[in-house]
1. With the requirement that a residue be surrounded by fewer than 18 Cβ atoms within 10 Å (Cβ to Cβ) and modelled with pLDDT of 85 or more, what does region 74-95 give you?
2. Quick one: in region 39-50, which of the residues that are out of contact with any strand residue (DSSP E or B) (no Cβ under 8 Å at 6 or more places or on another chain) and either in contact (Cβ under 8 Å) with a residue 24 or more places away in the chain or in the same structural domain as Pro177 (by TED's automatic domain parsing) (or both) is surrounded by the fewest Cβ atoms within 10 Å (Cβ to Cβ)?
3. Are any residues in region 157-212 under 22 Å from Ile83 (Cβ atoms) and among the basic types (Lys, Arg), and if so, which ones?
4. Just name the residue that is nearest to the chain's Cα centre (by Cα) out of those in region 10-31 that are under 18 Å from Gly56 (Cα atoms) and buried (at least 19 other Cβ atoms within 10 Å of the Cβ).
5. With respect to Leu53, determine if the residue is surrounded by 24 or more Cβ atoms within 10 Å (Cβ to Cβ), under 10 Å from the mean Cα position of the chain (by Cα) and touching a residue at least 60 places away in the same chain (Cβ under 8 Å).
6. Would you list the helices (runs of 4 or more DSSP H) that sit entirely within region 60-128 and hold 3 or more residues that are closer than 23 Å to Ala181 by Cβ, out of contact with any Pro (no Cβ under 6 Å at 6 or more places or on another chain) and not aliphatic (A, V, I, L, M)?
7. Does any residue of region 57-66 turn out to be surrounded by fewer than 24 Cβ atoms within 10 Å (Cβ to Cβ), closer than 30 Å to His174 by Cα, at pLDDT 90 or above and among the acidic types (Asp, Glu)?
8. Among the residues of region 163-201, count how many are free of Cβ contacts under 8 Å to residues at least 40 places away in the same chain and assigned to a loop (DSSP other than H, G, I, E, B).
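The values are calculated or read from the model by the stated rules, or taken from the named source; none is laboratory data. Everything numeric here is computed off the predicted structure, so don't read it as measured data. Note: ideal-geometry Cβ built from the backbone for every residue, glycine included; neighbour counts use all protein chains shown.
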Amino acid sequence: MERPKVLLADDHTLVLEAFKRLLEPEFDIVGTVSDGRALLSAAPASKPDVIVLDLGMPEVSGMEAGLELKRLLPRTNLIVLTISEDPELAREAIRHWASGYLLKRSAAGELIKAIREVLRGKSYITPKIAHRLPEQFVRDPTAEHQRELTSRQREVLQLLAEGRTMRETADELHVTPRTIAFHKYRIMEDFGLKNNSDLVRFAIRERVISPV
């Protein structure tokens, strides 16, 4: 019987090797790549059943790669494996393209469980993240996005509107600049904002900051 094919994408070689050894007894590892651009090249060629990818990869981020892979390979299951515990990132990934979301601090066996689940046509969100997502979203990840700022988006918006750089905002909130960029551009897209001036006016209108 042919084993399910799995492609691994992470920019840390030791992580790739560890997960390859973990999965090889049950799955056919058809490749390992270390950046998003290489992933977008390797995936259509190998046509895996499952892709396990990190969000914080160079060249092309995991979030961008995931969206493109969903378009290129709609039947391939995509599982996020990341250090980011930001529930907003998890919600966006699951809503738009991911079948699973795990943390690198999860138990090793949880990755095998997640792969088995998505191969059965189900979704899998690690309990470490699932309990921080709205119950309605966990039941229906495709539910229509509500035009309402989340608490994390309000924090990001406040700091940016006050003039902090994305690096300074990231340091303040103890996340990566890439995460701040994701939140900023998600806010701008959801609320039709075109530039930083729009962002500041929006922050005032939402009473996130006070007018000078």
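1. Pro74, Arg75, Ile83, listed by residue number.
2. So, considering only residues that are out of contact with any strand residue (DSSP E or B) (no Cβ under 8 Å at 6 or more places or on another chain) and either in contact (Cβ under 8 Å) with a residue 24 or more places away in the chain or in the same structural domain as Pro177 (by TED's automatic domain parsing) (or both), the one surrounded by the fewest Cβ atoms within 10 Å (Cβ to Cβ) is Pro44.
3. Arg167, Arg178, Lys184, Arg186
4. This residue is Asp10.
5. Answer is no for this residue.
6. Those helices (runs of 4 or more DSSP H) span 62-72, 87-96.
7. No, because not a single residue in region 57-66 is surrounded by fewer than 24 Cβ atoms within 10 Å (Cβ to Cβ), closer than 30 Å to His174 by Cα, at pLDDT 90 or above and among the acidic types (Asp, Glu).
8. Result for region 163-201: 8.
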